[in-house]
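Notes follow once the structure below has been shown.
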Amino acid sequence: IAYRLYPSSTQTGLLEESLALHCRVYNSLLEEHKRRLYFKEPAFNFSAMCKALTQWRGDSDSLKSLNAQSLQVTAKRVALAFDAFFRRVKRGNDPGYPRFKPLKRFSGWGYKAYGDGWRIHQADGQHGCVRLSGIGLVPMRGKGRFIGIPKTAEVQHKSGKWYLSVTYNVTPEAIMRQRGSDAAAFDWGIDTLLTIAKTDGSIETIDNPRWLKAKIDTIKTLQRVISVEEIKVKALLGLAPNEPLKKGRRLPVTAKLKRLYVQLSSIHGKLARQRHDFYHKLTSKLVSRFSVLGSEELAVKNMSCAPRS
């Protein structure tokens, strides 16, 4: 269940500081892993990362303010990234070496046990507050379909907003949905989203909302404005409009560019939430109506590939 957090200005500053520290820890662990691989030192596995974190926390006052288990969750993400990397290498696939993450692309941090660094205060499974270690009691809003025992949590930062994603332990009966007794089959469409054929011979179509199409003109206009501002910043650096930045150098972000980036991110964030909400409600509606749903087996990857020239 995802809850929207409403921190105060002071709490927002503490959340941003914690996010920056977790991002720094993630990149530091990745850098140490890379160094050990280069010099052929013993593997920097998850256990070794936890030992290193214990030492780092003893030497750094800023890391002492973070929950120890939340740091282990960040280390686990690095370990999983390298596990996937070596698995792809072994299979002969494109390995895709784990990347360093800038702060704006670091989504958040997690807690692996309830009561250790976080605790929820709410009634009837909706709204309430969450107490985060080192941050305080943060108001939140949200309601789930079921009530269970909190297990893990993740604090996420998206488009300037803060969220708490909580995993609950629930019984299978608690998450079962009421389903219908009819049977049907559906086909993905181009002009429409779905075409449903029911057992009584009737055909039902579901239109594609196409939220991106409705906002595409606004996005294009905003992107043109951003491009003009980026060219102006490049000119101040003595660069031509199409001249790339040197390796390791980043384009300075002015106050206007930062504002424009936030506007563009907000639009894409809203489109993503609209799609998520629509498909969640659509699947719930289909399950409540039918007990059996059939679909054709499609190789969507092959269908979406560009034709060979």
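The values are calculated or read from the model by the stated rules, or taken from the named source; none is laboratory data. None of these values were measured; they are calculated from a predicted model. Counting neighbours? That spans all protein chains shown, and the Cβs are built from the backbone with ideal geometry, glycine included. Each accessible area value is taken on the protein alone, full model and side chains, heavy atoms only, with ligands, DNA and RNA left out. Shrake-Rupley method; radii C 1.70, N 1.55, O 1.52, S 1.80 Å.
Of the cross-linked pairs K64/K247; K104/K247; K143/K258; K101/K258, those separated by over 30 Å at the C-alpha level are K64/K247; K143/K258. Under the criterion of Cα pairs below 8 Å and six or more residues apart, the relative contact order for the chain equals 17 percent.
What does the charge count around K256 come to, taking other residues whose C-beta lies under 15 Å from its C-beta (Lys +1, Arg +1, Asp -1, Glu -1)? Local net charge: +3. Charge dipole (Cα centre; +1 on Lys/Arg Cβ, -1 on Asp/Glu Cβ; no other charges) of segment 18-97 amounts to roughly 280 debye. Amide H contacts of L194 (H built 1.01 Å from N, in plane; Pro and chain starts excluded): G189, I206 sit under 5 Å, all sequence-distant by 5 or more or on other chains.
Once neighbouring chains are kept in place and the probe is 1.4 Å, which whole percent of the accessible area of segment 34-192 is contributed by carbon and sulfur? Don't jump to the answer; show the numbers that get you there.
Details: 5230 of 10090 Å².
Carbon-and-sulfur percentage of accessible area, whole number: 52.
Need one value: the accessible area of D217 in square angstrom, 1.4 angstrom probe, rounded to the nearest 10. So the heavy atoms of D217 present about 110 Å² to solvent. Per-residue surface analysis assigns T199 an accessible area of about 110 Å², computed on protein heavy atoms at 1.4 Å probe radius. Remark: the R273-A240 segment gains 8.1 nm on full extension, using 0.36 nm per residue and subtracting the alpha carbon distance. As a size descriptor, the averaged projected area of the C-alpha convex hull of segment 30-169 was calculated at 10.8 nm². The orientation-averaged shadow of the Cα convex hull for the chain, equal to a quarter of the hull surface, comes to 23.2 nm².
Sequence-ordered 3J(HN,Hα) estimates for segment 252-269 from the Karplus curve with 6.51, -1.76 and 1.60 and θ = phi - 60° stand at x, 9, 6, 4, 5, 4, 4, 5, 5, 4, 5, 4, 5, 5, 5, 5, 5, x Hz, glycine and proline given as x. To the nearest 10, the accessible area of Y114 is 80 Å² with a 1.4 Å probe. Think of segment 159-309 as having a plus end and a minus end, set by charges on the Cβ of Lys, Arg, Asp and Glu; of H268, N208, L293, H268 sits farthest toward the positive end of this dipole.
Identify all aspartates and glutamates with a Cα-Cα distance to K213 below 15 Å; exclude those on the same chain that are fewer than 8 residues away in sequence. Excluding near neighbours in sequence, the set is D191.
Over segment 1-135, with the other protein chains present, what is the accessible area per residue in square angstrom, probe 1.4 angstrom?
Values: 7840 Å² over 135 residues.
Accessible area per residue, segment 1-135: 58 Å².
Scalar couplings 3J(HN,Hα) for segment 193-205, obtained by applying the Karplus form with A = 6.51, B = -1.76, C = 1.60 to θ = phi - 60°, are 6, 9, 10, 9, 9, 9, 5, 7, x, 7, 10, 10, 10 Hz; x denotes Gly and Pro. Max-minus-min Cα coordinates of segment 127-229 on each principal axis give 60, 56, 17 Å, with the largest extent listed first.
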